[in-house]
1. Take the alpha carbon gyration tensor of the range 1-51, find the square roots of its eigenvalues, order them as a ≥ b ≥ c, and report rounded if a/c is under 1.5; if not, report prolate when a/b exceeds b/c, else oblate.
2. I'd like to check one number: the per residue accessible area of the range 220-347, probe 1.4 Å, reported in Å² as a whole number.
3. Looking at the chain as a GNM with Cα springs under 10 Å, which of Arg238, Arg63, Arg295 has the largest mean-square fluctuation?
4. Semi-axes, largest first, in whole Å: what does sqrt of 5 times each Cα gyration tensor eigenvalue give for the chain?
5. Which residue fluctuates the most in the chain, going by a Gaussian network model with Cα springs under 10 Å, if the choices are Lys279, Lys116, Lys224?
6. First measure r as the distance between the Cβ atoms of Asp13 and Lys269, then evaluate 1/(1 + (r/R0)^6) with R0 = 45 Å and state the FRET efficiency to the nearest 0.05.
7. Compute the length gained on full extension between Asp51 and Asp166: take 0.36 nm times their separation in residues and subtract their Cα-Cα distance, giving the result in nm to one decimal.
8. For every helix of n ≥ 4 consecutive DSSP H residues, a contribution of -39,500 (n - 2.57) applies; sum these over the chain, divide by its total residues, and give [θ] at 222 nm rounded to the nearest 500 deg cm²/dmol.
Amino acid sequence: METIMWTVDKNVDNLKTYPQILEAAQKLKENEVVAFPTETVYGLGGNAKSDDAVLKIFEAKGRPGDNPLIVHISDREQIHSFVKAIPEKAKSLMDAFWPGPLTIILEQKSGVLSQKATAGLSTVAVRMPDHPVALALIEASGLPLAAPSANLSGKPSPTAAAHVADDLSGRISGIVDGGATGVGVESTVVDCTAEVPVILRPGGVTREQLEEVVGEVSADPALKDADQAPKAPGMKYRHYAPNAPFYLVNGTSAQIQELVQEKRNEGLKVGVMTTLENKDFYDANVVIACGERSRLETVAEALYDTLRAFNQEDLDIIYGEVFPEHGVGQAVMNRLTKASGLAIIDK
Ligand code: TXA
Ligand code: MG
């Protein structure tokens, strides 16, 4: 299959009338699948009401069928056709964070969405992305769009159109290139079907921000305990992994450099994932700075591009620094822990 690349400028007015957007929307109406930018990562969109379109999404990504998709909307009115009721706390969260990097799980009305999109669950994950290209495309298609991150299953999520092309070229109908995404990590997934909202996946909206709006928020215990089954099916899979074994080191730069030196003495090629502040400290085969430690949002923004960059290098082992788990640091550490397959060295 030839994958069409549509390039658009996200800053122009009235995007939804642009020929690139109309062409991409037409593909979606024909139940084809198309990748598009959101403020978090690129998504691979398809008609959430069509089994045919949803199967194409799963097939292109090589995604296990038990992992449900997020349904993306451009207008809150769209929700009522497929959601049973919106609890007060969910409404407050929508008022505060939509459009934006927050996905809300609600009970769904049966018979509207493809049951393949929601993996047969009684609930549905909904989000309104804060990106003009995503909003224009959803509106022009007139459809709720099921869209997982537009990477091959297991790879880091794409934060640029080139990442999508690397993974999915030849497997999908097209890619709308609207430039690099901003937040860099995926949306926060919060289950609003119980009285106290539960974070199933940390992401672009922090726990602190959620609590400011709705008071107490809990977190799925599986986020901290690898022996428990996560409530978001996707959280059980290993993700984002670089090709070489990747170890997180809870220690000082000097301790990390010691580990690097030991491995180099054994003749191995060693990579280090650090930040701008510490970059010059290390002596390794490849040293990549992932944003600035003093501004965690820049680490989130650069995270997946950095993990992908390590795959361009021929390395035997990679060591990574850890980050404080406050604010968006929670999402960063969640993704890094997964990328390491829980390989953490405590110094
Ligand atoms: O930022 C994002 O959320 C991006 C962009 C494209 O919007 N999308 C994204 O989708 O990250 P995906 O499919 O890679 O991750 C969706 C997560 C998975 O862990 C999935 O298991 C969970 O949300 N999920 C979806 N529907 C669910 C439901 N009904 N109940 C529990 N978890 C659900
Ligand atoms: Mg994903």
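The values are calculated or read from the model by the stated rules, or taken from the named source; none is laboratory data. Note that the structure is predicted; figures quoted are calculated from it, not measured. A quick note on method: Cβ atoms are made from the backbone with ideal geometry, for glycine too, and the neighbour counts reach across all protein chains shown. These area figures cover heavy atoms from the full protein model, side chains too; ligands, DNA and RNA do not enter into them. Shrake-Rupley method; radii C 1.70, N 1.55, O 1.52, S 1.80 Å.
1. On the way: a/c = 1.64, a/b = 1.43, b/c = 1.15.
Verdict is prolate for the range 1-51.
2. 47
3. Of the options given, Arg295 has the highest mean-square fluctuation.
4. 34, 23, 18
5. Maximum fluctuation in the GNM of the chain, among the listed residues, is at Lys224.
6. Plugging the Cβ-Cβ distance into 1/(1 + (r/R0)^6) gives 0.35.
7. Values: separation 115, 0.36 × 115 = 41.40 nm, distance 2.61 nm.
Extra length from Asp51 to Asp166 when fully extended: 38.8 nm.
8. -8500 deg cm²/dmol
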